[in-house]
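Before any comments, here is the structure.
The values are calculated or read from the model by the stated rules, or taken from the named source; none is laboratory data. Note that the structure is a prediction, hence the values are computed from the model and not measured. No Cβ is skipped: glycine too gets one built from the backbone with ideal geometry, and neighbour counts run over all protein chains shown. For the accessible areas, the whole protein counts, side chains as well, though only heavy atoms, and no ligand, DNA or RNA atoms are used. Shrake-Rupley method; radii C 1.70, N 1.55, O 1.52, S 1.80 Å.
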Amino acid sequence: MPKASRDSASQGGDHGVVVERSEDLDGYTVNFVTCRQDVDHAPLLKGLPDDRCQCPHWGYVLKGKVTFQFGERQEVFQAGDAFYAPPGHIPVQNDPDTEYLQFSPADELRKTSEVIMQNMQAMQAR
């Protein structure tokens with residue numbers, strides 16, 4: 001049976017404000033995410049349909065808190081909370097040093113991650 005840990009995950013990397021380690025497990029990606037500082041993902045999602053993440057995520061907050069925007073409402077998930085973020089969400093805020101674990105369909109996450117990386121590179125080039 002496939003498994004992964006933060007230490008054994010073979011993908012991802014240190015992106016400055018976010019450290020993300022991941023592994024694909026039978027069509028799903030497991031991400032171990034640490035946000036070193038507050039990050040508004042809205043600028044990173046530009047170019048996706050409705051400029052929102054279209055990939056669903058199931059997760060668990062290990063430390064700190066993260067805020068997602070769903071349409072006109074926001075929802076806060078804090079340490080000890082399991083969450084589901086359906087397509088059409090935006091991670092808009094998190095506490096520094098927030099850590100969470102998330103599971104996502106691998107193909108959908110890959111499409112989203114490509115756009116995020118392009119936007120991140122464009123922002124760093126300025």
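Some points to look at:
- Net charge contributed by nearby residues that have their C-beta within less than 11 Å of residue 14 (K/R +1, D/E -1): +1
- Backbone amide hydrogens, once placed in the peptide plane, bring residue 25 within less than 5 Å of 30, excluding anything fewer than 5 places away on its chain.
- Hydrodynamic radius (Kirkwood) for region 72-126, which is based on Cα pairs only, to one decimal in Å: 13.6
- Normalised per residue, the accessible area of the chain is 57 Å², obtained with a 1.4 Å probe and no contribution from ligands, DNA or RNA.
- Kirkwood Rh and Cα Rg combined as Rg/Rh, the chain: 0.93
- Computed on the Cα atoms alone, the convex hull of region 1-75 gives a volume of 125 cubic angstrom per residue.
- Percent carbon-and-sulfur accessible area, the chain, ignoring ligands, DNA and RNA, probe 1.4 Å: 49
- Bridging of residue 111 to lysines at a Cα separation below 26 Å is possible for 3, 46, 65, once same-chain residues fewer than 8 apart are set aside.
- With the charge dipole of the chain set up from +1 on Lys and Arg Cβ and -1 on Asp and Glu Cβ about the Cα centre, the Cα lying farthest toward the positive end among the listed residues 49, 5, 70 is that of 49.
- Between 52, 110, 73, the GNM of the chain built on Cα springs shorter than 10 angstrom shows 73 fluctuating the most.
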